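Below: the structure, in structure tokens.
The values are calculated or read from the model by the stated rules, or taken from the named source; none is laboratory data. Computed from a predicted structure; not experimentally measured. Because the Cβ atoms are built from the backbone with ideal geometry, glycine has one as well, and the counts that use them run over all protein chains shown. Note: areas computed on protein heavy atoms with side chains; ligands, DNA, RNA excluded. Shrake-Rupley method; radii C 1.70, N 1.55, O 1.52, S 1.80 Å.
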Amino acid sequence: MLFAPGTRVGPYQISARLGSGGMGEVYRAHDPRLDRSVAIKVLTSSRDTTPEELERFQREARAIARVSHPNICAVYDVGQEEGVPFLVMELLDGETLAERLSRGPIPIDAAIAIGSEIAKALAELHRNDVVHRDLKPSNVMLTASGIKLLDFGLAKLRDGEYEDTNRKAT
């Protein structure tokens, strides 16, 4: 764990560790300026982050910030604390689609509703030249207000600046 409860990251006060993934750790924190809870994602290898990891992390922030949609997790802030890159996102209450699927099949009506919301989020991303590239059940959060797509660490921005060099010209 990079940050213990009570630690300040910028203006945010860490309250709990929520989880970790291949690239980062996610914490629940409080934003005293707006009096709200937020999620903060930091690089797990932050102390010796490679330029490629830092660029990927910054690309994730830009990809999320490019789109405002009810089915896409919002980004609020980005920064560094003592050399540790972080991004501040909307804190979501719910469970991932992977967690839900571990309990058994989803009724067909609910599965159609979930799939429809995922499709709407992907359509909005594509309209804004963002390709998620890591869509899987653990990156879909089920909330009371609907689904939210998460984890844009592998996203590609199709605006020329981050064009996929492995793609053949057509």
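Side notes on the structure shown:
- Between Thr7 and Glu99, the distance separating the two model label sites (each 7 Å from Cα on the Cα→Cβ line) works out to 2.2 nm.
- Backbone HN-Hα couplings from phi across the range 5-12 [Karplus 6.51/-1.76/1.60, Hz, Gly and Pro as x]: x, x, 5, 9, 10, x, x, 8
- Comparing Cα centroids, the range 1-80 and the range 105-155 end up 20 angstrom apart.
- Thr96 long-range amide H proximity, modeled H, under 5 Å: Leu142
- Computed over the chain, the per-residue total of -39500 (n - 2.57) for DSSP H runs of n ≥ 4 gives a 222 nm mean residue ellipticity of -7500 deg cm²/dmol, rounded to 500.
- Whole-percent pair-distance distribution, where bins are 5 Å wide, for the alpha carbons of the range 46-100: 4, 17, 22, 19, 18, 13, 6, 0
- Two-decimal Rg to Rh for the chain - Kirkwood Rh, Cα set: 0.98
- Largest-first ordering by accessible area, 1.4 Å probe, given options His126, His69, His30: His126, His30, His69
- If R0 is 41 Å, the Cβ-Cβ spacing of Ser15 and Asn128 corresponds to a FRET efficiency of close to 0.80.
- Rule-of-thumb Rg ratio for the range 1-63 [Cα; 2.2 N^0.38 Å; N residues]: 1.14
- Heavy-atom accessible area ranking, 1.4 Å probe, most first, across Lys136, Lys120, Lys148: Lys120, Lys136, Lys148
- Note on Glu82 and Thr143: their simple-model spin labels are 3.0 nm apart, each label 7 Å out from Cα toward Cβ.
- Extension gain, Ile108 to Glu52: 0.36 nm times the residue separation minus the Cα-Cα distance gives 16.0 nm.
- Surrounding net charge for Ile114, when Lys and Arg each add one and Asp and Glu each subtract one, Cβ distance under 15 Å: +1
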